[in-house]
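Novice: Structure below; questions to follow.
The values are calculated or read from the model by the stated rules, or taken from the named source; none is laboratory data. Here the structure is a predicted model, which means the values were calculated and not measured. Every residue, glycine among them, receives a Cβ derived from its backbone with ideal geometry; neighbour counts consider all protein chains shown. Protein only, heavy atoms only, side chains kept; ligands, DNA and RNA dropped before computing areas. Shrake-Rupley method; radii C 1.70, N 1.55, O 1.52, S 1.80 Å.
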Amino acid sequence: MSISINDAKHLIESAWLLVAVPFLVGFLIILGLHKSKPLSMMISIGAVGYGFIHALLIMLSLAQHSDLGPWQVNYDWFTATNLRLCMGYLVDNLAAMMLVVVTAISLVVQIYTHGYMKDDPGYSKFYAYLSLFTASMLGLVVSTNLFETYFFWELVGVCSYFLIGFWWQKESAAQACLKAFIVNRIGDFGFLLGIIMFLSITRTLWCESPILAYVSNSGRDLGSIIIQAYNAHMLTAPMLSVIALLIFLGPMAKSAQAPLHVWLPDAMEGPTPISALIHAATMVAAGIYLVARAYPLWLTPDGSLHSLGLTVIAWVGGFTAFMAATIALSQFDIKRVLAWSTVSQLGYMFVGLGCGAFSGGLFHLFNHAFFKAMLFLCSGAVIHGLHGEQDIRKMGGLFKSMPITAICFLIGTLSISGCPGLSGFFSKDEIISASIEHNLPLGILMIVTAAMTSFYMFRLFFLTFVGEFRGHGHPHESPLSMTGPLMALAIPSIFSGYLGVNLPALIQGRADTSFFPSFIHFGSTPIFEEPNLSVMAYSTIAAILGFVLAFMIYKAKSLSFNTAIVESKNTLVQIAYKFSLNKWYFDELYLTILQKFILPVYKKLWETVDVLIVDSMVNLSGLIALGLGEIMRYFQNGRAQFYAFIIFFGVVALTTYAYYFVIMP
Amino acid sequence: MNDISLYSNAFLGLLPEFVIVLAILISSVWNLFVPKLKFLTPWFGLLATFVSSMMLAFQLNIGTVSLFNGVFTIDKLTVIFGIFINIIGFIVILMTMGYEQHLKDNAGEFYTILLTAIVSVMLLAGSSELVLLFVALETLSIACVMLAGFEKQDVKSQEACLKYLISTAAVTSTLLYGFSFIYGLTGSTMFSVIQEQFVTLSMSPHSLISVLILVLLISAVGFKLSIVPFHMWTPDVFEGAPTPVTAFLSIGSKLGAFAIALRLLVVVFGKAIFYWTLILSILAVLSMVVGNLIALSQKSFKRMLAYSSIAHIGYMLIGIVEGSSVGVSAAMFYLIVYGFMNLGAFAAAILFTNETNSDNIDDYAGLIRKRPILALGLSLCLINLAGLPIPPAGFLAKFFVFSAGFNMGTIPIFFNYSAHIGSFLVVIALLTSIPAIYYYTRVVIKMLVSEPSDVVKALPDKRQSQMVSQTGPITALGFCIVMLCLIGTNLVDLTMNISQTSIKPLYVSHESRSPNSEF
């Protein structure tokens, strides 16, 4: 399909509609349309369906007319000397890709919701939240500057709390909501501090152009400003590292990277469509997207890839990928296994970005969105078919009763495990080869993780869909409104990988242009890495190893060291197993720190202040004010004279401090 | 110019104040002479504050006018503070209309005293002489004490009143002590003279006496602003006083103190900026830490707002400490935004307490199921107080102050050890805002997500309008929310302009210390 340049221009210029329409729909449903269930559903799906088509057309336009992007419009919001806060929208290749992902996943999730939430009393409200959530994420995607990103970032956060806590009746849902909130606050604290620090250092350089802009024609965008500031000796490499790491706290929390990952598995408490949306397209993708968007922040000031910021990103990602994979090995809740696999795959994406494989990391985000959304929706179909059962020990043999779900799940499993030819294979391979080149130990860790990924995903598949049914009741296939989205997602899950690979060239063993990396890249020209056939071989072997192990243990039952591990008397093995089962004790660690350290200190502090200082002073001042005491005695609480005393005391203390400790010397 | 024209000038200049005084006179006797039309009393107040702020708006462009030989100055600061206190008064009167059932037969007097407090803040903002300043401040204090103890049957209210009285007395003594030094050294009570003498006389800013004067002044200002350690009265009085009074104390009387801080610290003692920066920085840190940490463990909604107001003042101090027009106008912006969000929260608290007789945070749970508008309105105010950008008024206020603070240089803080005090303050502010966000949004999440509490369950589905008039507080809440949304989106520039205009006169009189840009 070819799009004329004029049409392309119109499409891009009207990109703001993409954000405005779902926002409007969300508010309309809240304000009154919620009375009619079908109407709420239809306009909500209609809005995001329109968004998907528009986003797809924008992407096509940009692909055909590369001279059109980046396009941006800024509206002044607050202006002053050297400070021009703007809201606006920016459409370039990166944003277009993300728009497609978000709208596509949101569309299928919303169609699926119709089947999944049909009998829920909050049906319409759920659609309203979904629309708002999608709109906030789209707003984040088209943000023109770090500031706007921060606003939508918070909005995405707030919507997610409502959705995670949607079933507020459940105590665990309310707890999960709180946890997500607190962890994200810690991240946002760093994010905001980083922005303020960066702004206060570089404020004068922005002159009258929109502040903290990602892209500009006049050389006032993040990357150029950093170089200018560096050359003017306003910014040094360590300063930039500090700022970058502070800002990185934000993506760490949003994209669930260790040690701020603890909220994501608990966020499973929300309804399954929300898990799919959060895990695939919205919330967690925001972190990756921000790192990619503001990529110059993490480089060295002169633009080199060998910076502290990127190294930290790579290692945080690597550690998280490994840790989450080990945890996923031993979980029994179908959604939790998937949740930990998301944490692990997000780790991969950060490794990709951190090792300089900019398009590789984003390519994985792109592929992952489709198959992970599908896997989650499949798990939702399973839970739906089993009337709320989530424990895979009580499943098995579901292939017969729900074949469509099972086949889709198998496709997702193959894809995420890195089966050659499916989407996950290509992007994961790019990341692994970049990490091997960048840092060998990290690369090896990634290959080991790949093997574990394959193992736990097939374990999940075999336990759920193969063998004998171990639960109660009669499992049944879901209605078309649920299986339809699954089948729709199966297509990109298989084929999206071919966007990023030039097959004829690959067969000859060389790299050549392919759509994805030439569409999305950092810097002026795309980098085509040599395909590393040996790396492909290693990761394939790792994936097969994981598959074979899972097959022998859970299908053929010819190996039984899973029971051996669980029942092992060997303390070391037991410790390792417990470590994995209990998610490396992160929750316990945080709780202990909070309960054993922070709360007691907080309590002790006030007790000390109260008993030691306040009470003794009350007594002291009581003596001093003995004359006044006659009036005070009728007073039930003897502290009024203490209040007066503390005022005088404060005056003396401050004067003493200011004069004798600061001014005199 | 002859005496007559002088007099008429002064009269015209003070016309906005006279309007309020007229309302005071009418409302004090109205209930006595026209008991049948009792319901009209608050309307005099509403009308007077409205007319007065309109008149003040006309004065905006008259430049700087000195009345009574320089005792009272009308400049942009006076006018804008006057308008703002009138708006606050308007909102508080609206709130009180939903609170009259607690005031029994004395509602008329309540409005009288409230209007007195308002007029005293207006006089404070314009006073440029120590005696007038002192008289206005004392009028404000006594009015506040009387308001705090207005519920004569309520023990808590009486306790609040007495505690406030004693603390006020203590602080009056420190302030007078400070004034006596100033007069003794400079021989004048006029600000302009003091400012000159302070520089030219032998009083080097290094002397112990000038430090003492500053600390004494700060203690009085700090008391009204409830800065730690002069904050001790705040929680008791906030909890015990009638809720509209608490709302007034949380912003109205602070506005007066803010005006003194600007006039005295920034202008008169502008040369000694180094020393009061040092002192105020420490107080800011203390306020932010203490306010937020204690607010965290509060069960009573009003008490929580009380402690958090201490923390908010800590944030504003960062702007004042910065000292240049950038920082001070950021603080002023914060004060305006804080005024609306805080008053909105108090109006919502009145609405809730009227129906449930409860002030416990846990009782707010699930409010959205019974009173969706109230729950959403209160949520909006609390989210803004927490500094989350929805709508961004509260966030912008914090952001302006913090980024101003970040640009401060280093000052010695202990013996010869210097520190980059600005970034230190900002880091403390951001760190302490984490618990703040927690305790504010805890209420929001409780209201919107949790299961309804017993109290909320017991609420009737439709509001029983015959019991208590809720219209006043609802109007107040709605007004605050509209203002918040506007400031957050369309009126950011305008509000910032207002803040800048209001502090501009301060920087005309002495050399500019800020070579930097302005917001």
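Novice: Mind listing just one residue for me: the one in the stretch B:409-428 that is more than 10 Å from chain A (Cβ to nearest Cβ) and under 24 Å from A:A80 (Cα atoms) and, of those, nearest to the chain's Cα centre (by Cα)?
Specialist: Out of the qualifying residues, it is B:L425.
Novice: Which residue out of A:F455, A:F465, A:F469 is closer than 20 Å to A:K400 by Cβ and crowded, with 19+ Cβ neighbours inside 10 Å?
Specialist: A:F465
Novice: If you don't mind, another one. Tell me which residues, restricted to the stretch B:392-408, are farther than 24 Å from A:V662 by Cβ and either part of a helix (DSSP H, G or I) or over 22 Å from the mean Cα position of the chain (by Cα) (or both).
Specialist: If the condition is that a residue be farther than 24 Å from A:V662 by Cβ and either part of a helix (DSSP H, G or I) or over 22 Å from the mean Cα position of the chain (by Cα) (or both), then B:A393, B:G394, B:F395, B:L396, B:A397, B:K398, B:F399, B:F400, B:V401, B:F402, B:S403 are the ones that fit.
Novice: Among (1) touching a residue at least 60 places away in the same chain (Cβ under 8 Å); (2) of a type in the set (D, E, K, R); (3) open to solvent by 50 Å² or more (accessible area, probe 1.4 Å), there is one condition B:E17 misses while meeting the rest; what is its number?
Specialist: (3)
Novice: Sticking with this one: Kindly provide the set of residues from the stretch A:47-94 that are β-branched (V, I, T) and either in a helix (DSSP H, G or I) or within 23 Å of A:S131 (Cα to Cα) (or both), ordered by number.
Specialist: Selection gives A:V48, A:I53, A:I58, A:V91.
Novice: Restricting to the stretch B:66-80, what's the tally of residues that are touching a residue at least 24 places away in the same chain (Cβ under 8 Å) and open to solvent by 50 Å² or more (accessible area, probe 1.4 Å)?
Specialist: Qualifying residue count for the region: 3.
Novice: For the stretch A:435-446, name all the residues that are part of a helix (DSSP H, G or I) and open to solvent by 10 Å² or more (accessible area, probe 1.4 Å).
Specialist: Result: A:I436, A:E437, A:H438, A:L440, A:P441, A:I444, A:L445.
Novice: Among the residues of the stretch A:190-205, write down those that are in contact with a Leu (Cβ under 9 Å, 6 or more places away or on another chain) and within 11 Å of chain B (Cβ to nearest Cβ).
Specialist: A:G190, A:F191, A:L192, A:L193, A:G194, A:I195, A:I196, A:M197, A:F198, A:L199, A:I201, A:R203
Novice: Among the residues of the stretch A:107-119, is there at least one that is among the charged types (D, E, K, R) and more than 16 Å from A:L377 (Cα to Cα)?
Specialist: yes
Novice: Take B:S120 and tell me if it is of a type in the set (G, A, S) and more than 14 Å from chain A (Cβ to nearest Cβ).
Specialist: The answer is yes for B:S120.
Novice: Of everything in the stretch A:124-164, what is within 12 Å of chain B (Cβ to nearest Cβ) and either among the charged types (D, E, K, R) or not in a helix (DSSP H, G or I) (or both)? Give them in sequence order.
Specialist: A:K125, A:E148, A:E154 - these are the residues of the stretch A:124-164 that are within 12 Å of chain B (Cβ to nearest Cβ) and either among the charged types (D, E, K, R) or not in a helix (DSSP H, G or I) (or both).
Novice: Continuing with the same structure: Quick check: is even one residue across the stretch A:5-21 basic (K, R) and under 29 Å from A:F126 (Cβ atoms)?
Specialist: Checked against the condition, which is being basic (K, R) and under 29 Å from A:F126 (Cβ atoms), the stretch A:5-21 yields no hits at all.
Novice: Another question, then. When the stretch A:17-48 is examined, which residues are found to be among the hydrophobic types (A, V, I, L, M, F, W, C) and either at pLDDT below 90 or over 18 Å from A:V100 (Cα atoms) (or both)?
Specialist: A:L24, A:V25, A:F27, A:L28, A:I29, A:I30, A:L31, A:L33, A:L39, A:M41, A:M42, A:I43
Novice: A further question follows. Taking B:V444 and the conditions (1) more than 7 Å from every other protein chain (Cβ to nearest Cβ); (2) under 23 Å from A:L146 (Cβ atoms); (3) at pLDDT 85 or above, which numbered condition does it fall short on, given that it satisfies the others?
Specialist: For B:V444, the exception is condition (2).
Novice: Tell me which helices (runs of 4 or more DSSP H) are completely within the stretch B:147-262 and hold 2 or more residues being surrounded by 24 or more Cβ atoms within 10 Å (Cβ to Cβ), or say none if there are none.
Specialist: Hits in the stretch B:147-262: B:155-186, B:208-225, B:233-240, B:243-260.
Novice: Okay, moving on. Within the stretch A:189-232, restricting attention to residues that are in a helix (DSSP H, G or I) and without any contact (Cβ under 8 Å) to a residue 12 or more places away in the chain, which residue is most open to solvent (accessible area, probe 1.4 Å)?
Specialist: Going through the qualifying residues, I end up with A:N231.
Novice: Also: Tell me which of these B:V145 doesn't satisfy, since it passes every other one: (1) in contact with a Pro (Cβ under 9 Å, 6 or more places away or on another chain); (2) within 14 Å of chain A (Cβ to nearest Cβ); (3) modelled with pLDDT of 90 or more.
Specialist: B:V145 satisfies every listed condition except (1).
Novice: Do you know which residues across the stretch A:398-414 are more than 19 Å from A:D333 (Cβ to Cβ) and either not basic (K, R) or not assigned by TED's automatic domain parsing to the domain that holds A:F371 (or both)?
Specialist: Across the stretch A:398-414, the qualifying residues are A:F399, A:S401, A:P403, A:I404, A:I407, A:C408, A:L410, A:I411, A:L414.
Novice: If you take the residues in the stretch A:61-78 that are of a type in the set (S, T, N, Q) and in contact (Cβ under 8 Å) with a residue 12 or more places away in the chain, which one is nearest to the other protein chains (Cβ to nearest Cβ)?
Specialist: The selected residue is A:N74.
Novice: Condition first: more than 14 Å from every other protein chain (Cβ to nearest Cβ) and farther than 21 Å from A:F366 by Cβ. Can you find one or more residues in the stretch A:96-111 that meet it?
Specialist: No, the stretch A:96-111 contains no residue that is more than 14 Å from every other protein chain (Cβ to nearest Cβ) and farther than 21 Å from A:F366 by Cβ.
Novice: Looking at the stretch B:363-386 only, could you name the residues that are facing chain A (nearest Cβ under 9 Å) and either in a loop (DSSP other than H, G, I, E, B) or hydroxyl-bearing (S, T, Y) (or both)?
Specialist: Correct list: B:G366 only.
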